[in-house]
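A short worksheet on the structure shown next.
The values are calculated or read from the model by the stated rules, or taken from the named source; none is laboratory data. Because the structure is a prediction, the values reported are computed rather than measured. FYI the Cβ positions are ideal-geometry reconstructions off the backbone, even for glycines, and counts take in every protein chain you see.
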């Protein structure tokens, strides 16, 4: 059953939650002390979060907890203990990225709704359908999706759709960014992104700098504001309108919520025909926060220069009279919002009735939504002097004080002249309102029975037992972006399999490539695109017959869409999950195996100790290659130059003159920014032997033929022979093998 339309607000603290609820949010998402994608927000502790759940429910608001990071095994063992008090307090849903976490919650908290985080990079109906089958009640779409793509999800999958409507945009597809992680160990997959995309960069091509001077912020998108196209978003099937901003102050949350609340109510009451946004309200959103103006995000465009800040992203102009006026307006707006939504909590309107007579006990009944409470008092007294009036009784009963209630309708029935002490009226009122508060929150509470307090560590079982006294030998698998390099690799008998990436591949030659691999005693596998949206889906649908008869030995999958697509097409080939299908913990590894993934790729962000503890049986370790730091719908070639539908390799140059290869893959229309140095584990033979993966993968993207042969020969000598590990002759990085992430 579809959820009613919901305005969903961010809360980085209890104060922000109060602000959101008071301003009219239908639901709030917030993090606790652990496992949330905003580790630096003022997330409440256990007691504070339980109080937040109660506060939200008293005001008819749902509360969703972010558990949307990737968890290591030791952390997953503590998840039950962490969630239990919130579950029992009536938590409405959890927002999840990790399929291991997903499986754990589904097993141990079966009646708790799971929302698939935008960090899962849900790109279309296939991914949404896959998650629906696993038990997700809602999917949070990737921010890059168009209205048409969201409409397709709505039309084909019976699942709630949540989409961002306002706030900051990442340059990279959420969940696919390793830039902050590789730069300084602060992983976006752990809620600790350092936002390197907000720094200045230049684009270089053919040895010269491209673009205009002063336009260096080419990875920094403008903030999204969709207030003007809200009807179109709702028509596309979005039921939960999500505002970004858990790191922003409470006044921001309240201010944005109140504007969107106004226009959502307007649309729901009058429809799209009378929908019109007052420029003053749009200006208020701009005053609250923006990075050099707004865009409407990706809903109506695939990408574009107008979406990018280009100049230093700033809320205000840097100096001058206009900047001063903007700041004054901003401060005045914050004071207004604070006074209205933070200095006091909103009151919920309740109904009541009071009856008093001389013959029977007096009774006060109060009602709020489905809750109803009755409180009895003593019978009325014969007045010694002047009898009480209805106004006297009403005055005492309506003193709701600091409770979250205020009386709307209050009927009073008195039998003749009568008297009731104020103390009794006050007692009855207090008792009734306390019981009403209790009843309002009791209905959502649960009892957690049989849930694990904490799973016992099984580290002793995790480590692989493959290591022997002699140096281990590892099969090599080679991934090629340039298919015409195939013959260079076929000469090496130590290479067991060749992975051909699909971005530039001539699909008509697939049978020829597969036959050449087989003649050389090697497997041939196809690597599906990093992003599987409409262009990719259509490309593969048109070539299904070719794929079925190409003689392939398997497919390498990078996202949920591809897994569901392959199953629906009936392609019965072995499936390998790439590192994009995260499996940081054993629970996730087990999950992917149950989905038919016969081989997995070890995570790029775990260090050697964590990989040993996780276990590497049957898994592949990426041991060489330029790692993708960002995969984006934005196109640097189009932003800085122009879109000519020609694939180019440009260099993204940072403040320290480091160069990062940036490639626009036009077939599926996405960009990949690669690390400035390749990953090389050539000098880490002992660590790899202790990890004991099933095989090693070498990924070649930008190398020349000569470099490929030299690098491949080095790996053959070290990992297929008895040569000791050695330091490469080129500049390289060890990635996270030794440092990992927090």
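Summary of values
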{"read-out": "Selected residue (only one of 9, 20 is under 23 Å from residue 97 (Cα atoms), crowded, with 19+ Cβ neighbours inside 10 Å and in contact (Cβ under 8 Å) with a residue 40 or more places away in the chain)", "value": "9"}
{"read-out": "Flag for residue 572 being modelled with pLDDT under 95, out of contact with any strand residue (DSSP E or B) (no Cβ under 7 Å at 6 or more places or on another chain) and either over 25 Å from residue 69 (Cα atoms) or crowded, with 19+ Cβ neighbours inside 10 Å (or both)", "value": "yes"}
{"read-out": "Only one of 88, 126, 107 that is more than 18 Å from residue 53 (Cβ to Cβ), in a helix (DSSP H, G or I) and out of contact with any helix residue (DSSP H, G or I) (no Cβ under 8 Å at 6 or more places or on another chain)", "value": "107"}
{"read-out": "Any hit, the stretch 398-409, residues being closer than 13 Å to residue 354 by Cα and in contact (Cβ under 8 Å) with a residue 60 or more places away in the chain", "value": "no"}
{"read-out": "Test: residue in the stretch 191-209 that is touching a helix residue (DSSP H, G or I) at 6+ places or on another chain (Cβ under 7 Å), surrounded by fewer than 24 Cβ atoms within 10 Å (Cβ to Cβ) and in a strand (DSSP E or B)", "value": "yes"}
{"read-out": "Qualifying residue in the stretch 354-369 (condition: in contact with a strand residue (DSSP E or B) (Cβ under 7 Å, 6 or more places away or on another chain), outside any loop (DSSP other than H, G, I, E, B), more than 26 Å from residue 437 (Cα to Cα) and not assigned by TED's automatic domain parsing to the domain that holds residue 54)", "value": "no"}
{"read-out": "Criterion (over 25 Å from residue 563 (Cα atoms), buried (at least 23 other Cβ atoms within 10 Å of the Cβ) and either assigned by TED's automatic domain parsing to the domain that holds residue 232 or under 17 Å from the mean Cα position of the chain (by Cα) (or both)) met by exactly one of 128, 56, 116", "value": "56"}
{"read-out": "Some residue of the stretch 702-709 being in the same structural domain as residue 481 (by TED's automatic domain parsing) and surrounded by 19 or more Cβ atoms within 10 Å (Cβ to Cβ)", "value": "yes"}
{"read-out": "Any hit, the stretch 588-610, residues being in contact with a helix residue (DSSP H, G or I) (Cβ under 7 Å, 6 or more places away or on another chain) and more than 30 Å from residue 101 (Cβ to Cβ)", "value": "no"}
{"read-out": "Filter result for residue 605 (out of contact with any strand residue (DSSP E or B) (no Cβ under 8 Å at 6 or more places or on another chain) and either assigned by TED's automatic domain parsing to the domain that holds residue 489 or modelled with pLDDT under 95 (or both))", "value": "yes"}
{"read-out": "Residues (under 20 Å from residue 188 (Cα atoms) and not in a loop (DSSP other than H, G, I, E, B)) located in the stretch 12-63", "value": "29, 30, 31"}
{"read-out": "Failed criterion for residue 620 (all others in (1) closer than 30 Å to residue 76 by Cα; (2) surrounded by fewer than 22 Cβ atoms within 10 Å (Cβ to Cβ) hold)", "value": "(2)"}
{"read-out": "The stretch 522-536 - residue that is surrounded by 17 or more Cβ atoms within 10 Å (Cβ to Cβ) and more than 23 Å from the chain's Cα centre (by Cα) and, of those, nearest to residue 151 (Cα to Cα)", "value": "527"}
{"read-out": "Verdict on residue 226 being in the same structural domain as residue 260 (by TED's automatic domain parsing), touching a residue at least 24 places away in the same chain (Cβ under 8 Å) and within 19 Å of residue 292 (Cβ to Cβ)", "value": "yes"}
{"read-out": "Some residue of the stretch 633-649 being assigned to a strand (DSSP E or B), buried (at least 22 other Cβ atoms within 10 Å of the Cβ) and not assigned by TED's automatic domain parsing to the domain that holds residue 603", "value": "no"}
{"read-out": "Residue 180 touching a helix residue (DSSP H, G or I) at 6+ places or on another chain (Cβ under 7 Å), assigned to a helix (DSSP H, G or I), buried (at least 16 other Cβ atoms within 10 Å of the Cβ) and not assigned by TED's automatic domain parsing to the domain that holds residue 336", "value": "yes"}
{"read-out": "Strands (runs of 3 or more DSSP E) lying entirely in the stretch 484-596 (those with 1 or more residues that are assigned by TED's automatic domain parsing to the domain that holds residue 699 and over 21 Å from residue 693 (Cβ atoms))", "value": "495-501, 523-527"}
{"read-out": "Qualifying residue in the stretch 254-273 (condition: in contact (Cβ under 8 Å) with a residue 24 or more places away in the chain, assigned to a loop (DSSP other than H, G, I, E, B) and either under 19 Å from residue 164 (Cα atoms) or in contact with a helix residue (DSSP H, G or I) (Cβ under 6 Å, 6 or more places away or on another chain) (or both))", "value": "yes"}
